[in-house]
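Written below as structure tokens is the structure these notes are about.
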Amino acid sequence: MEALARFPATHPASQARGQRVMEEFYNIFGPELKAVTGDPKRIDDVLCRVDSLVTPMEVLTFDPFSIKSSQYWKYVMDDFKVEVLVIEKEAKNFIDESFKTLRSAEAAFDMLLKFKHIRSREAINRQMMMKFNDILAQYCKEIDTVNKIFTENLDNPPLYKNHPPVAGAIYWERSLFFRIKHTILRFQEVAEILDSDRGREVKQKYLEVGRMMKSYEDRKYEQWRDATEQLLPALMKKSLLTKVSDDVVSSDKSAAFAINFPTALREIINETKYLEQLGFPVPELARNVALQEDKFLRYTEGIQRMLDHYHELVGTLTEAEAVLLDEHSQELVRVFRSGYKRLNWNSLGIADYIARCRQAIGKFESLVHQIQKNADDISSRLTLIESINLFKYPVPKSGEELPGVKEFFEHIDRERAKDVDYMVRWYLAIGPLLTKVEGLVVQTNTGKAPKLASYYEHWEKRLYEALTRLILKNLQSFNSLILGNVPVFQTETILTAPEIILHPSSNEINKMCVHCVRNCVEVTKNFVRWMHGSCIECPPQKGEEEEVVIISFYNDISLNPQIIEQAVMIPQNVHRILINLMKYLQKWKKYRPLWKLDKAIVMEKFAAKKPPCTAYDEKLQFYSKISYEVARNSLTKDEHCVRLQLGPLAGTVQESARSWVVSLGKLLGESAKEELYSLHEEMESLSKNLKKSPSTLEDLKFVLATIAEIRSKSLLMELRYRDVQERYRTLAVYNLHPSDAEKALVDNIETMWLNLFSDSVNVEHALGGIKKTFTEITRGEISGYRQQIEDFAKRFYREGPGSVGEDLDSGVELLAVFERELVQHEKKRQELANAEKLFDLPITMYPELLKVQKEMSGLKVVYELYRGLKLAKEEWAQTLWVNLNVQFLQEGIEGFLRSLRKLPRQVRNLSVAYYLEAKMKAFKDSIPLLLDLKHEALRDRHWNELMEKTGVFFEMTETFTLENMFAMELHRHTDVLNDIVTAAVKEIAIEKAVKEILDTWESLKFSVVKYCKGTQERGYILGSVDEIIQCLDDNTFNLQSISGSRFVGPFLQTVHKWEKTLSLIGEVIEIWMLVQRKWMYLESIFIGGDIRSQLPEEAKKFDNIDRIFKRASDRLLFQSREKWRISTCFHVVFCLSVCLSVCGS
């Protein structure tokens, strides 16, 4: 509409025409068309184009009032008309499309009626008036939709809230019918719509659907009416109450009931009310019941409240209370009985029944409340018992010290004893309360009513559980206290040399902890058990040996696994804490030398080393530092619940450290005093010697020696008296003060030495002339000594211990001789050097002497190693041959070789070192040969051969030692020994092979079997000899191979003998088998045949041969079981062979 206001007012006619066009468009594309088409966005787009019609007129670039611009204005209006036609065409297309997809036929119909009475575009209006058929088509779709909804939900129609099934279904059916009825009533306003063919078709469809819905409605009503008339009388006869099954309300405590007002009866009342509203006639009985709805509502609410009260009351009962009040509950149920046995919803006494039930419930409630009050009193006492803290430990105020271990546990025991008295009083009060309950329930006060037996048992179990929780909770809390980080008691650390221990000791603390935990559990001994079926305490019982036994809860609680676990865990945790404290105390063991070592012995050993002042100072600093360090350390150590007091230990350590400082100071003072007076005496002696007047050469040497001594000792003496001064200063630092005399001497000692040194310089200056005379004499002595040294050096290199070659034993002797001479020459050199110092001569060097000394030192090392080797070999030589340990010898000689190789290069280059190494290597090389000689193959003949070739003879007895083996010098006969051992190994192989052949034929047996002719036994014959022949061939071949060996010498006779024997055995077996075959052949001829009578002489010969053969066979059978001897059979078999040959021919 804003666009209408913006239309330019330049030409009134144009303005009126433009405003009319836009108004017509706005009338068409209004809210009604949006509601009908369901496409508001497209309509808004069309309206935007309508609004844009005036845009060209708002931005004119010419004056529309000028005659000159009339042509331009005409162009603008032409464009306006063209755009109107385009919008009009698009609107017609949109209307065609939209009426094909109408959302509501009624809304479209209303819109068309509206377009009849408003101004719009004529073309569009004509287009709209042609859309009634589209509306009828849409209405037809709506009828189909309603019919489909009706058909699909026919059996299970959607109901409004609180509508009963039948009336709700009818309501639903009528709402669907109204949706199509209302629209067709509107269509009747325009008669031509329904008069058309399409209209009549739509009307017929509407009537069909309406008739179907009316039929559904009538059927529903009739079914409900018939069912109500049949069911309602039976429903009214239902009892007021019904017992509930166990899965709804538990019946363990008491019977449970529910109101028995049928749901069907409620439904009939609701159906009656709604169907009357819908105009249906209802049965008279249903109407009467519906009129009593308020009364039924009062009854049901009253019964429901009564039942809720009853169930709530029963629900408050514990299992024990339910069993206790079982009779009273049954009495209450008897009051309820008429409600589920006799009374129904037609009865007139329902109100009185509800009143009786309420009265009975009130009486039962009063009893329950009294019992529960007593139960609450008992529970409160159990709660008080359970809440007791059995480990009330002393809590120190700020600034106070923690209690000691003993004080801590004694306080817990005292407080526990007080609390146990309270607990026992609370426990004893439970019996009277149960007796009171007995009076309420069974009107007696015996304390042992049979009907209350389970109730007594219940409270005894509750008491047991409370005591169990009490003990377990207290043990757990005490365990938490033990493992907490807040110390609650303290223990001291004391020194009992040589160990640092706790006071009280770890064992005592563990015992106190175990005792405390045990007492906690034994608290339950004060709670005496009740006699069975009562609340009366059990009297003491007599046990074994007249011992009085009190039956308490302790017997059961002490066996609880959780309590046992906690009771064991607490001492274990305390033990671990104490172990950690002892580990911490290990740090103090670094001070153990203060008290572990014997101070007197340590001081004596230290003083024996004559330590310098710095050593004393270090030790004094060490012990002073210990004292300072201990003072700085914290005097407490917290470990979980324990505070360790280290004050006594620290005091003891400081005192020990101080005693060591005093002892060291005393020792230092004594050494300083001794050195001080030694210095003083030495200075006095030197001063006295310096003052001696020299009248002879010896006196002059003595004075000059004194002056030289003073001069040479200048630095040493200064160091000594400085050291003494430092020692006394050190003593002063550690507050250890000497006597006044010592202090005065220390102060003057430096001056005394300086004066002495000055006097020696003056004396030396005075003796200058005499020294020149004796200087020349000394030079002559030095020249003669040099010649002696040169001669000695030549003789040393020519005849000394380094020139002996392999004869190291003579070198050992020469070493001693030349060593003594060298000592004398060194002494002479020292005397001449002292004289040179006295007369201020330059010190003469003797390079030959130095060279000899250097080589002598190397020779001493080599010969020392040689002596060690000799001693080792002598020791090894005592080893028995049977106990030879090659590894031990190998390691021993390797050790000597390593020692030799570790010597300096110049020592190893000496000739004697070379010969010594050669001896060692030769011995090392002979060790494997010893191992070869241990070979099992060696026999006496081999040892004899070895002794002949080495020239060393001995007897091989059990006491035979390695000394003889060393004497052979096996390294010199390596090839001989290898040949002997090789031959022995080969010979032993031959020996074993020959022995194997002997053993084979010693154990070999022939197989002898019975010979039968039919069923008749005819004697014994030799079985198969194939294996024996094979063995014979193999052994014969082996003997031939052995006889061809060059090592067969010792066994040659045996080999030849067995070659002959095996050859003979082969011949015997061959002849025997031939004889056996002939005998078997002739035996079948001459025994039991005609030939025997025809040839009697030959038969008689055969009989003799047969007896001999059988006798030989029997003998063979007997001997095969022992040993086979070839000599016993050879001649017999040979004779039999000849005889059988003759007989057979």
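The values are calculated or read from the model by the stated rules, or taken from the named source; none is laboratory data. Since this is a predicted model, take the numbers as computed values, not measurements. Glycine also receives a Cβ, built like all others from the backbone with ideal geometry; neighbour counts cover every protein chain displayed. What goes into the accessible areas is simple: the full protein's heavy atoms, side chains included, and nothing from ligands, DNA or RNA. Shrake-Rupley method; radii C 1.70, N 1.55, O 1.52, S 1.80 Å.
Observations on the structure shown:
- Database remark: amide H of Lys713 closer than 5 angstrom to no amide H (H placed geometrically; neighbours at sequence offset of 5 or more, or on other chains; Pro and chain starts carry no H).
- With Cα atoms as the point set, the radius of gyration and Dmax of the range 619-794 evaluate to 28.0, 95 Å.
- Rounded to whole Hz, the Karplus (6.51, -1.76, 1.60) HN-Hα couplings of the range 640-657, x for glycine and proline: 6, 8, 10, 10, 8, 8, 9, x, x, 5, 4, x, 5, 5, 5, 5, 5, 4
- Each residue, Lys692 and Asp1033, gets one label point 7 Å from its Cα in the Cβ direction; the gap between the two is 11.7 nm.
- Note on the range 254-368: the C-alpha convex hull projects to 7.8 nm² when averaged across all orientations.
- Here the extension length gained between Leu481 and Ser659 equals 59.8 nm, from 0.36 nm per residue of separation less the Cα-Cα distance.
- Glu618 contributes about 130 Å² of solvent-accessible surface, heavy atoms of the protein only, 1.4 Å probe.
- Between Val1008 and Gly1023, the built amide H atoms are under 5 Å apart, and every one of these is 5 or more places off in sequence or on another chain.
- Highest mean packing first, where packing is the average number of other Cβ atoms within 10 Å per residue, the peptides 625-635, 268-278 line up as 268-278, 625-635.
- Each peptide in 673-683, 600-610 receives the mean, over its residues, of other Cβ atoms within 10 Å, and ordering these scores from highest gives 673-683, 600-610.
- Estimated vicinal HN-Hα couplings, Hz - the range 737-752 in sequence order (Karplus 6.51, -1.76, 1.60; Gly, Pro = x): 10, x, 6, 5, 5, 4, 4, 5, 5, 5, 5, 9, 4, 5, 5, 4
- Computed over the range 556-665, Kirkwood Rh from alpha-carbon pairs, angstrom: 17.1
- Cα-Cα pairs of the range 505-617 separated by more than 19 Å (percent): 70
- Proximity of backbone amide H atoms, modeled 1.01 Å from N, is registered between Glu492 and His503, Gln645 at under 5 Å, excluding neighbours fewer than 5 places apart on the same chain.
- Every Cα-Cα pair in the range 363-480 was counted, and those over 23 Å apart are 45% of them.
- Positive-end ranking of Thr300, Pro281, Ile268 along the dipole of the range 254-368, with charges on Cβ about the Cα centre, is headed by Pro281.
- Counting only Cβ charges, +1 for Lys and Arg and -1 for Asp and Glu, the dipole size of the range 292-384 around its Cα centre is about 400 debye.
- A Cβ-based charge dipole, computed about the Cα centre of the range 619-794 with Lys and Arg at +1 and Asp and Glu at -1, lands at about 340 debye.
- Ordering of 65-77, 890-902 by packing is 890-902, 65-77, highest average first (other Cβ atoms within 10 Å, averaged per residue).
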